[in-house]
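Mind having a look at this structure? Questions to follow.
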Amino acid sequence: MNQPIAIVTGASSGFGLLTTLELAKAGFQVIATMRNKAKADELLNQAQRLTIQSNLIIHELDVTSGSSVERLAALIKSIGRVDVLVNNAGFAGAGFVEEITMEEYRKQFDTNFFGVIAVTKTVIPFMRRQKKGKIINVSSISRRIAFPGLSPYVASKHALEGWSESLRLELSPFGISVALIEPGSYKTSIWTTGKQVTTLSLQTDSPYFNYMKRIEDYISSGEGQFGNPKDVAEKIARIALDERPNLRYPIGKGVRPTLMLRKFIPWKLWEKLFIKRLC
């Protein structure tokens, strides 16, 4: 197979689906992975309209399952190489810390963090032998601007970013680049079907119920200004083709000004403004 090979996790919807299409359009043979292959219809329909369906390989993958990751490794071995890995699979755990079970925290990290590590460890030997490759981890602006009621998700992205920094320094001597894309708010399913709110925080007798409702209302009120996820997919494709990508790529409407504000104003003022808006 002479085409460059890309792997995208969580390719059935959102950033993963659109990134798969953009990479296929750019000439990659894309291994589009998802937990349930029955959810591949939308991806395949869009690929057919773009006449790039021959550039797709649909593969079932649960990043939290060791045996599933091993089957991905066997597929890569049969192909012989991998040039780009996009770690996109994930969901947003929500609720208030007091009411979130430890099992819910572990589930969040199993997908958003440990799943990324498992898949990445699978591709590293191939990239190292090739002396080239790119690993692109889909993070979030939440890593740098934490939000109440989303501590599992925010914490998983903090962990992902610290780990990615270490990984970049480890793999750079072998010609392998590691990059983080940090989207702001976009119209994807992660804030609808992909958000998993702990049961207790949704009950009216929860001490956090009204606070949780205000947070949900705040997120919903901004949906009209959410960005087009295709912008993120196109950015990921450009990173995949970049010879020397940067470590971080914040992206989204108002993201850069907000990051600058967060960087230069004292925490006490930031906290006061934040709480005033939500309470």
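Every number here is computed from the coordinates shown, using simple stated rules; none is lab data. Remember, it's a predicted structure, so these values are computed and weren't measured experimentally. A quick note on method: Cβ atoms are made from the backbone with ideal geometry, for glycine too, and the neighbour counts reach across all protein chains shown.
What value does the chain have for Rg/Rh, both radii from Cα atoms and Rh as Kirkwood defines it?
Rounded to two decimals, Rg over Rh is 0.98.
Multiply the residue gap between LYS132 and ILE117 by 0.36 nm, knock off their C-alpha separation, and tell me the result in nm, one decimal place.
This chain segment gains 3.5 nm when fully extended.
Once you have the Cα-Cα distance between PHE174 and THR51, take 0.36 nm times their residue separation minus that, and quote the gain in nm to one decimal.
Full extension from PHE174 to THR51 adds 40.7 nm.
Output the peptides 6-12, 103-109 sorted from most to least packed, where packing is the average of other Cβ atoms within 10 Å over each peptide's residues.
Order by mean packing, descending: 6-12, 103-109.
When you count, for each residue, the other Cβ atoms within 10 Å and take the mean per peptide, how do 115-124, 23-32 rank with the highest first?
Descending mean neighbour count gives 23-32, 115-124.
Further, regarding this structure: Each label point is 7 Å from the Cα along the Cα-to-Cβ direction; what then is the distance between the points at GLU271 and SER221, in nm?
2.3
Another question, then. Under 1.5 on a/c is rounded, so check that first for the stretch 27-129, then, if it is not, pick prolate when a/b is larger than b/c and oblate when it is not; a ≥ b ≥ c are the square roots of the alpha carbon gyration tensor eigenvalues.
It is oblate, given that a/c is not under 1.5 and a/b is not larger than b/c.
What helices does the chain have that are whole DSSP H segments, at least 15 Å long along their own axis by Cα, and with mean Kyte-Doolittle hydropathy of -1.0 or more?
For the chain, where a helix must reach 15 Å along its axis and average at least -1.0, the hits are 14-25, 66-79, 115-130, 151-171, 209-221, 229-241, 267-278.
Describe numerically, in nm with one decimal, the distance between label points set 7 Å from Cα along Cα→Cβ at GLN203 and at ASN246.
4.6
Please work out how much length the chain gains when fully extended from ASP231 to SER166, using 0.36 nm per residue of separation minus the C-alpha to C-alpha distance, in nm with one decimal.
20.7 nm
Testing the spin-label approximation: label points 7 Å from Cα along Cα→Cβ at LYS195 and LYS39. State their distance in nm.
1.7
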